[in-house]
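The values are calculated or read from the model by the stated rules, or taken from the named source; none is laboratory data. Quantities reported herein were computed from a predicted structural model and do not represent experimental measurements. All Cβ positions, glycine included, derive from the backbone under ideal geometry; neighbour counts span all protein chains shown. What goes into the accessible areas is simple: the full protein's heavy atoms, side chains included, and nothing from ligands, DNA or RNA. Shrake-Rupley method; radii C 1.70, N 1.55, O 1.52, S 1.80 Å.
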Amino acid sequence: MDDLDLRPRLPGNLPQLFADGAAGRVLTTPLPPGDLVWPDPGYPQRQIQLRPAFWVSDEPVTGELWARLRAEHERSGLWPLLLDESDQPWAAGQIAPEPVEDIGNYAPIAFMSEVWTDWAEQATAEEAHDLAPFGLECPGPAPRGAAMDDPGAVADRHARSLAGRGLSLGLVAVERGADALTAAGWQGALNHNEWTAPLSAVVRSWEDRFAARVVGMGFNTLELSVAAPPVTARHALQVAAEHWAFCPDILFQGPGTLAGYAEEIRGKTWWSFWWD
């Protein structure tokens with residue numbers, strides 16, 4: 001290969017996001033003004049960050065731009081995110097990136113079982129009833145869903161809907177969207193789980209089983225598109241159980257029972273999470 005082919009072909013300072021300088025990476029979609037975000041050294045960190053965590057735009061962007069960047073991810077290595085600046089000043093660097101390599105150390109079923117067991121040890125009879133039909137027994141991961149549409153097309157539609165809120169654009173150097181949570185140092189679920197890598201492991205599993213895609217995040221929110229959602233009541237219940245282990249606040253935000261929440265996500269092509 002000619003040496004010229006190894007030179008980074010990403011605009012501006014984006015090559016700094018990559019450990020290898022982004023050799024061979026290409027991005028043809030024009031970007032709005034923005035800058036790299038480094039972790040604030042005064043904010044508690046998980047590791048010494050030797051390069052910026054992500055890039056963020058100065059102003060809100062359109063869903064169409066997000067879609068074009070998603071389509072270029074395979075060549076650019078940059079996963080786009082819609083970031084809610086109203087809740088989290090991303091540019092301030094109040095983030096705690098973790099090594100993406102750590103994600104592979106976590107098994108989603110182990111994470112789910114641990115959350116369930118810790119809760120079961122102190123759950124009241126009423127609380128156990130809220131998680132019927134499973135109660136104190138963790139059901140484990142649900143079977144995969146059947147694709148209803150192309151995952152990219154579903155993600156693009158959700159991005160267009162979210163962009164109407166006036167969200168900024170983030171770009172993270174990761175091989176898959178699930179890893180963006182960890183690489184960007186997102187702290188949205190800190191009150192539920194100290195580390196972000198296990199959550200990325202769960203989302204990786206959802207990418208594989210339900211064709212989920214990470215579209216956006218806020219201070220304590222996460223938005224996923226889903227091209228293969230559960231469509232039967234039984235399947236939706238199993239998926240709802242996974243959602244509860246991932247984000248227990250779903251029951252407090254909505255119907256109050258697992259069965260009620262399962263009906264809300266049945267056939268739904270996007271999943272929204274919020275942590276207290």
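General remarks:
- Any hit, the stretch 26-41, residues being closer than 30 Å to residue 150 by Cα, surrounded by 18 or more Cβ atoms within 10 Å (Cβ to Cβ) and not basic (Lys, Arg): yes
- Residues in the stretch 262-272 that are of a type in the set (A, V, I, L, M, F, W, C) and open to solvent by less than 40 Å² (accessible area, probe 1.4 Å): 262, 265, 271.
- Of all residue pairs spaced 6 or more apart or on separate chains, those with beta-carbon atoms under 6 Å, a first member in the stretch 151-178 that is in contact (Cβ under 8 Å) with a residue 24 or more places away in the chain and a second member that is in a loop (DSSP other than H, G, I, E, B) and open to solvent by less than 10 Å² (accessible area, probe 1.4 Å) are 151/227; 154/227; 172/184; 173/77.
- Helices (runs of 4 or more DSSP H) fully within the stretch 30-144 that include at least 3 residues being closer than 30 Å to residue 15 by Cα and either touching a residue at least 60 places away in the same chain (Cβ under 8 Å) or touching a strand residue (DSSP E or B) at 6+ places or on another chain (Cβ under 8 Å) (or both): 63-71, 73-76.
- Tally, over the stretch 241-255, of residues that are over 16 Å from residue 119 (Cα atoms) and touching a residue at least 12 places away in the same chain (Cβ under 8 Å): 1
- Which numbered condition residue 194 fails, given (1) touching a residue at least 24 places away in the same chain (Cβ under 8 Å); (2) farther than 17 Å from residue 241 by Cα: (1)
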